[in-house]
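Encoded as structure tokens, the structure appears first; notes follow it.
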């Protein structure tokens with residue numbers, strides 16, 4: 001019944017997925033804004049705290065806390081993945097955004113579909129045909145243009161370049177993580193996986209911040225810093241991830257994936273509007289190459305598309 005209802009009235013699903021992309025894209029600008037008043041570690045700890053709290057309230061409000069029990073054979077793997085999953089990803093992103101722009105960061109993360117396709121071939125044995133090869137080459141060329149800003153001959157590992165490398169390291173890490181955890185994610189509900197990812201993801205940053213500062217992560221933080229932490233934890237992490245998972249339950253994954261292309265668009269618009277960023281010629285050219293790479297990587301053969309359309 002649920003699937004049929006979703007097919008008859010998909011507008012609500014599309015709105016939820018659009019908000020996911022909006023919250024994720026806006027998150028890059030919010031991180032950049034937050035780093036004006038707090039350190040990357042403080043922002044990471046605070047955002048993780050708000051995310052864990054919001055996720056518990058989300059599941060409790062939906063009456064799902066009793067349905068989050070893990071199978072015994074998956075307990076320790078999920079706990080371990082929960083501790084490191086968001087911590088490393090967000091840590092590299094927050095660190096990189098100290099030096100690079102929100103626009104560059106979003107464009108680098110836009111290469112994730114290409115990276116995931118490549119690692120799925122390497123680790124899961126998925127098919128890697130000529131289109132995926134072309135897509136990977138074009139996509140990585142775009143990433144190189146964004147990272148070096150078109151000056152590959154005079155690469156210097158500091159400033160914007162260092163920030164771009166840290167952010168791209170986060171994108172690579174998340175692609176590997178997504179592929180490596182695919183078998184586990186398929187054996188438990190998306191809601192349970194998200195719950196442990198966000199709840200346990202707060203442990204490391206908060207403990208690290210406590211060890212360095214000797215006080216609760218939110219103590220002594222300015223209102224702009226707290227606002228950035230709250231937005232990141234509640235909107236970018238909790239709401240966006242749950243909306244995305246909800247959408248995946250109701251429409252085909254290939255249709256859901258299209259909404260991820262809105263993320264760098266929203267990121268650029270928000271960063272340009274509120275942070276005064278400007279899209280450089282190199283970033284624009286790199287973005288075009290990245291999206292061309294995504295197109296070649298995910299495009300289905302014509303015969304398969306025709307078959308799919310005829311079945312509908």
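What follows is calculated from the coordinates using simple rules that are stated; it is not laboratory data. Computed from a predicted structure; not experimentally measured. Ideal geometry is used to build each Cβ from the backbone, glycine not excepted, and the neighbour counts take in all protein chains shown.
Hey, got the Cα dimensions of the range 84-152 along the principal axes, in Å, largest first?
38, 34, 16
Output the peptides 12-18, 206-212, 91-97 sorted from most to least packed, where packing is the average of other Cβ atoms within 10 Å over each peptide's residues.
Most protected by this proxy first, the peptides run 91-97, 12-18, 206-212.
In whole Å, what three semi-axes, largest first, describe the equivalent ellipsoid of the range 48-116 built from its Cα gyration tensor (square root of 5 times each eigenvalue)?
Semi-axis lengths for the range 48-116 are 30, 16, 12 Å.
Determine the calculated [θ] at 222 nm for the chain from helices alone, applying -39500 (n - 2.57) to every DSSP H run no shorter than 4 residues and normalising by the residue count; nearest 500 deg cm²/dmol.
Value at 222 nm, helices only: -23000 deg cm²/dmol.
Using mean Cβ contacts within 10 Å as the protection proxy, how do 167-177, 22-32 order, highest first?
22-32, 167-177
Sort 161, 232 so the one with the fewest other Cβ atoms within 10 Å of its own Cβ comes first.
161, 232
Given the alpha-carbon gyration tensor of the range 30-85, what are the semi-axes of its equivalent ellipsoid in whole angstrom, ordered largest first, with each equal to the square root of 5 times an eigenvalue?
29, 17, 6
In the calculated pair distance distribution of the chain, what percentage of Cα-Cα distances lie above 38 Å?
Pairs farther apart than 38 Å: 13 percent.
Arranged from highest to lowest average of other beta-carbon atoms within 10 Å per residue, in what order do the peptides 236-249, 68-81 appear?
The packing order, highest mean first, is 236-249, 68-81.
Looking at the square roots a ≥ b ≥ c of the eigenvalues of the Cα gyration tensor of the range 1-144, which shape do they give, rounded for a/c under 1.5, prolate if a/b is larger than b/c, or oblate?
Since a/c stays below 1.5, the shape of the range 1-144 is classed as rounded.
Over the Cα atoms, compute the radius of gyration (one decimal) and Dmax (the largest Cα-Cα distance, rounded to a whole number) for the range 175-290, in Å.
17.9, 47
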